[in-house]
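The values are calculated or read from the model by the stated rules, or taken from the named source; none is laboratory data. Computed from a predicted model, the values in this text were never measured in an experiment. A quick note on method: Cβ atoms are made from the backbone with ideal geometry, for glycine too, and the neighbour counts reach across all protein chains shown.
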Amino acid sequence: MPSSRIDIRRVGATRDQLGESPCWDAEAQALCWIDALVGTVHRRAPATGALSSHPLPAPLGAIAPAQGDAVVVALRHGFGRYDFGTRELTLLGDIGLSDADVRLNDGKCDAAGNFVAGTMHMNRPEGTPVRGGLYRLRPQGRVEQLADDIGFANGPCFSPDGRTLYLADSLARVIWAYDYDPDGPLSGKRCFVQTDGFDSGPDGATVDAEGFVWSVLVRAAQLARFSPTGELERLVPLPLTYPTSLCFGGPGYAQLYVTSISRSTRLEGRLPQDGGLFVVEGLPAVGLPTQRFGG
């Protein structure tokens with residue numbers, strides 16, 4: 001088990017406008033993440049410090065490791081596969097929307113190799129129906145809509161047994177939990193955590209090997225760890241203005257990587273390190289192996 005002393009440090013010198021969607025590629029022993037507004041995919045090998053950056057069509061919503069030397073990508077209204085070796089982007093499917101106020105946002109893979117990603121509905125007048133929702137991309141390219149009532153989807157992640165999906169609606173300041181079947185519809189929607197008390201919406205999230213949910217409290221500059229029944233276990237303050245997302249990685253999945261904002265469409269950092277990539281070490285649990293997209 002990691003030590004009780006928590007250490008937080010910046011990794012490298014990248015400065016993203018909207019750093020998002022960190023994910024550990026165990027086969028490449030590399031961390032991947034995006035600058036969502038610029039449309040850049042970064043890949044860094046911690047063992048050597050080698051960094052490569054790859055321009056894609058902006059904005060990007062999320063990435064996850066895919067079979068081969070590639071990532072699956074949530075684009076504005078659809079999905080693609082980006083090959084690091086050939087630097088080619090192959091389109092896989094779309095969500096059936098071309099709405100300028102709706103775009104794909106955060107996503108993760110389930111244990112069956114599907115990519116689950118949700119949208120953000122921007123400029124939505126209060127009381128009007130949500131457009132978009134939560135979608136599942138099959139390895140064969142088929143896209144299914146799983147939910148249509150999530151206005152600002154963030155932090156999808158799965159319990160260790162894969163049977164519970166956690167999903168934040170950031171503007172509503174709630175993390176929902178669902179019963180999850182990779183071959184069926186969502187069911188059993190219930191409130192897992194309300195984050196009003198932290199004066200922040202929940203952003204990116206991940207689950208550790210003990211089944212605890214780690215959520216980024218973006219406006220509070222903190223990480224929150226919640227038990228499987230939704231009780232707050234701890235808060236970890238971060239030395240930056242607006243953290244965004246996180247993932248476990250590195251040897252034994254004992255390191256927690258955190259992305260951040262320097263200047264997004266709504267938030268602007270106040271510190272010189274804002275927009276950087278950070279690593280947190282000495283946490284009370286390790287992460288789970290990253291699930292890969294099967295296509």
Requested in this report: Would you check if residue 68 is surrounded by fewer than 23 Cβ atoms within 10 Å (Cβ to Cβ), at positive phi and within 20 Å of the chain's Cα centre (by Cα)?
Outcome: no
Query raised in the report: What number of residues within the range 15-46 satisfy the criterion of being of a type in the set (A, V, I, L, M, F, W, C) and within 18 Å of residue 75 (Cα to Cα)?
Result: 9
Query raised in the report: For residue 27, which of the numbered conditions (1) surrounded by fewer than 19 Cβ atoms within 10 Å (Cβ to Cβ); (2) over 21 Å from residue 294 (Cα atoms) fails to hold?
Result: (2)
Query raised in the report: When you scan the range 19-43, how many residues do you find that are within 15 Å of residue 264 (Cα to Cα) and either part of a loop (DSSP other than H, G, I, E, B) or aliphatic (A, V, I, L, M) (or both)?
Result: 5
Report task. Return a yes/no flag: does the range 198-211 have any residue that is of a type in the set (Ser, Thr, Tyr), touching a strand residue (DSSP E or B) at 6+ places or on another chain (Cβ under 8 Å) and over 24 Å from residue 147 (Cβ atoms). Result -> no
Query raised in the report: Just a yes or no: is a residue in the range 184-200 among the β-branched types (Val, Ile, Thr) and surrounded by fewer than 20 Cβ atoms within 10 Å (Cβ to Cβ)?
Result: no
**Report entry** Checking residue 199 against (1) out of contact with any helix residue (DSSP H, G or I) (no Cβ under 9 Å at 6 or more places or on another chain); (2) without any contact (Cβ under 8 Å) to a residue 40 or more places away in the chain; (3) more than 17 Å from residue 109 (Cβ to Cβ), the condition it does not meet
**Finding:** (1)
Query - Restricting the range 4-17 to residues that are within 18 Å of residue 237 (Cβ to Cβ) and part of a loop (DSSP other than H, G, I, E, B), the residue that is modelled with the highest pLDDT - result: 6
Query raised in the report: Out of all the residues in the range 142-150, is one or more outside any strand (DSSP E or B), in contact (Cβ under 8 Å) with a residue 24 or more places away in the chain, of a type in the set (Lys, Arg) and on the phi < 0 side of the Ramachandran plot?
Result: yes
Query raised in the report: Among the numbered criteria (1) under 25 Å from residue 25 (Cβ atoms); (2) in contact with a Leu (Cβ under 6 Å, 6 or more places away or on another chain); (3) of a type in the set (A, V, I, L, M), which single criterion is violated by residue 224?
Result: (1)
Report summary line: Within the range 54-92, residues being free of Cβ contacts under 8 Å to residues at least 40 places away in the same chain and touching a Lys or Arg at 6+ places or on another chain (Cβ under 8 Å) number 8
Query - Check on residue 124, touching a residue at least 24 places away in the same chain (Cβ under 8 Å) and either hydrophobic (A, V, I, L, M, F, W, C) or touching a His at 6+ places or on another chain (Cβ under 7 Å) (or both) - result: no
Query raised in the report: Can we say residue 234 is farther than 16 Å from residue 166 by Cα, basic (Lys, Arg) and free of Cβ contacts under 8 Å to residues at least 40 places away in the same chain?
Result: no
Report summary line: If we keep only residues of the range 256-274 that are touching a residue at least 40 places away in the same chain (Cβ under 8 Å) and assigned to a strand (DSSP E or B), then the residue surrounded by the fewest Cβ atoms within 10 Å (Cβ to Cβ) is 263
Report task. Output the number of residues of the range 18-42 satisfying the condition of being of a type outside the set (Gly, Ala, Ser) and over 16 Å from the mean Cα position of the chain (by Cα). Result -> 3
